[in-house]
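These notes are about the structure you will find just below.
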Amino acid sequence: MGKRRGGRELARGLSKRQRTHLRHFGEQHPSDNSDKSSVESDSETEVEQESVYHKLLATLKASPESESEEEEDESESEVEESEAELVSEGSQEPKEAVGGEEEQNDVLEQEEGITTEGPPEQVLGPEQADGVETSHDPNHGAIEEFTDVKHEAEFSLETNFMEEESGDYHTDKRESNSSQAFSEDPFKQHMGRELEEKEVEKISMLSKTSSQSKWPRLGQLTFSSTLEQHTTLKPDKEFNVKQLSLHKPLESTWPKVNKHFLSSASKPSDSSFTPLQRELFCIMNTYRDLFYPERNALTNGEEIRHAYCLHALNHVLKANAQVLSNNAKKRDQKPGTDSDDYRDQGLTRPKVLMIVPFRECALRIVHIFISLLEVNEKRKIDVSNKKRFKGEFGSDPDEKPPNLKRPEDYEAVFAGNIDDHFRIGVAILQKSMRLYAPFYSSDIIIASPLGMRTVIGTEGEKKRDFDFLSSIEMLIIDQADIYLMQNWEHVLHLMRHMNLLPLDSHGVDFSRVRMPNLNNWSKYYRQTLLFSALQDPQINAVFNKHCFNYMGQVAVRNVPLSGSISRVVVQLPHIFRRIEAENLTSVIDTRFQFFIDKVLPEYRDAIMSHTLIYVPSYFDYVRLRNYFKKEELNFTHICEYSKKASVCRARRAFLKGEKQFLLLTERFHFYKRYTIKGIRNLIFYALPTYSHFYSEICNMMKATDSGVDATWTCTVLYSKYDAQKLAAVVGIDRTAQMLQTKKSVHLFVTGEN
């Protein structure tokens, strides 16, 4: 109560702006406490310079409840007030920029581009989060359920034991006495092996050997490994659930949960998996890293979600069962005896981190977990905080405008609650599940990149924490392509903080910690599952440079044969103009100079009116907009931060011919998918991130039936570094030809090519 009373006294002495900042971030505004924060920043830097391993040994007596001791400094009425304000501001469509026209910040946006590169939701700041978002943040005050002794005791791994009446107890006891069971269980094989220093050094060098294989459903696969003894994996033509070493009750619940994906043509031997799920799970279950770049929200998105949820839950149940079983063994052992046979934990409890873009995705994942844990209608599992979870992560169907017409893939991606600032801990123990568990009491953390970024923080911040990422054994990044439209820097920031030694002990029993974790080798045991709708160099870089799994990696590398240009239904010439750049870093400047020197002069004439310039990068958009203003060209512009009124004015002026040029960002098209009417000339400043955007933009020309299709043009700028995007647009055969020549390539599409 002393802390709570002191917090209220502090709040009374603050202004309204300071109280708002305190409620959102859990700390005073930096401008009000600059001297103090600088001193604390220096002290934090000195702590980080210490040997982390010695830091761990020096904190053996640290209190395990260190993360749950803080209490809220605000009253319940203040929380309710903030919730009401946030609910009134909420919207299912991407939010517009706040405060003034975006053209007032030309130079500022270029200088502070990192902060504006995120999606509209991220730039607006903390008002996107739920009013109670900090409830599951270890750095913020804990609400009632986090200090609930009953829940803490029920879900504590240290104080619970395997129930003897459960099937898990007998199964674990039987497997512990069977060397054959150990050799067949992929979980025990992977987590039970102790690497040698020579092997770790070899993995750190990233000198991998690769091999190719073609599977019936996944297609062309690339297997890579730093350890020579690993051989290429072959798909199992036939298998059933009992052969997968699934933990009970998953063997019985999985066929029921997954049955709506199965067709009547499925064979009885593999009736519980679709062909895609069977091959994906075959790779997942070997604990290899996996990159699958053909996820489609319309077709296979839910299939994939169910498959990785099964794998993640299976991993958590096995890990927890091992801990509970060893608890019972230690309880029954004779006093005075000590053994190293009980090393079954990491330095912190969280084992699985699932990164998803929207709250709706987290909602579906939790529903899958509940379905997989409920054996039948009579044996329901106890889910704490379920009502609150549905309220915060669910959506109201009435909020969506009834006349909103968008493409099917847009409807699939932006279904439900599309708030992208969230994080939630999930604790699973035997027949119960606890939602909103504190991170250090959670088995699974489900979060968005922005949700992770705000809790990880940056160097020098007073409130930051990433110790809970120290012992993550499975990282699942779903729909990675969407993060390119949000802020990819958040993903990179997360990867840089994965599997670092914690700065505090968090009450861990070091006698139960696995040796690889103590040696700071946990990243070599982490399995990373990466799912995306496309191949992109930035996504490939994360998979190649931030994944060190000693079991190796598997990447799907299918090449597109036709490309999205075949789906263009209007007849127009496509001119692909190649840019010659010395290296990758010089492409941006070279592209801009080529555009203003070679391309733009051809469109300055009034006869080339109604010209749409499609710009994938927001930085390039700001640069072009500033140049157009400087040259006093007749143009208008639309980006993801433009207000609705500005968008309407720009579209109307472009349609009537009052403005010759229209600058359009890719992220505006991604979040809105408006049909731009009046296009006669089209310029792709760079190839689109999503290949189907190319055909969508081209097909917008048919929206205006003016009978002047003979004058329509389409110009595309590309370089040799755009090979993947180019192949997705024109196909692999044309890409090979276009990369060999330095001349412009003319293609004429009739809608049948």
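The values are calculated or read from the model by the stated rules, or taken from the named source; none is laboratory data. Being a predicted model, the structure only gives us computed values, none of them experimental. Please note: Cβ atoms are built from the backbone with ideal geometry, for glycine as well, and neighbour counts cover all protein chains shown. When the accessible area is computed, the model is the full protein with side chains, heavy atoms only, and any ligands, DNA or RNA have been set aside. Shrake-Rupley method; radii C 1.70, N 1.55, O 1.52, S 1.80 Å.
Look at where the Cα atoms of region 596-660 and of region 180-219 average out, and the two centres are 52 Å apart. Keeping the other protein chains in place, figure out the carbon and sulfur percent of the accessible area of region 564-750, with a 1.4 Å probe. Using a 1.4 Å probe with all protein chains present, region 564-750 comes out at 51 percent carbon and sulfur.
In nm, what is the difference between 0.36 nm times the number of residues separating ASN626 and GLU580 and their Cα-Cα distance?
Working: separation 46, 0.36 × 46 = 16.56 nm, distance 2.42 nm.
Fully extending the segment from ASN626 to GLU580 adds 14.1 nm.
Ignoring ligands, DNA and RNA, what accessible area per residue does region 482-622 give at 1.4 Å, in Å²?
On the way: 4980 Å² over 141 residues.
Value returned for region 482-622: 35 Å² of accessible area per residue.
Close amide H contacts of THR715 (hydrogens built in the peptide plane, cut-off under 5 Å, sequence separation of 5 or more or a different chain): ILE575, LEU682, ILE683, PHE684.
Which peptide among 680-688, 600-608 comes first, and what is the full order, when sorted by highest mean count of other Cβ atoms within 10 Å?
Numbers: 680-688: 22.6, 600-608: 12.6.
Result, highest mean Cβ count within 10 Å first: 680-688, 600-608.
At an R0 of 35 angstrom, the distance between the Cβ atoms of LYS390 and CYS648 translates into a FRET efficiency of 0.45. Couplings 3J(HN,Hα) of region 286-298, computed from phi: 8, 6, 7, 5, 9, 10, 10, x, 10, 6, 10, 4, 7 Hz, in residue order, whole Hz [Karplus 6.51 cos²θ - 1.76 cosθ + 1.60, θ = phi - 60°; x for Gly and Pro].
How big is region 564-750 by the Kirkwood estimate over distinct Cα pairs, in Å? Before the final figure, lay out each step's value.
Details: mean 1/r = 0.0598 Å⁻¹.
By the Kirkwood definition, the hydrodynamic radius is 16.7 Å.
Exceeding 20 Å between C-alpha atoms, which entries from my cross-link table qualify? They are LYS390/LYS463; LYS598/LYS702; LYS202/LYS545; LYS248/LYS387. Display every interim value, and only then the final one.
Numbers: LYS390/LYS463 28 Å; LYS598/LYS702 28 Å; LYS202/LYS545 14 Å; LYS248/LYS387 27 Å.
As for pairs spanning more than 20 Å Cα to Cα, those are LYS390/LYS463; LYS598/LYS702; LYS248/LYS387.
Expressed to the nearest 5 percent, the antiparallel share of DSSP beta bridges inside region 355-446 is 70 percent.
How big, in percent, is the set of alpha carbon pairs in region 346-432 lying more than 23 Å apart? Value for region 346-432 (Cα pairs over 23 Å): 36 percent.
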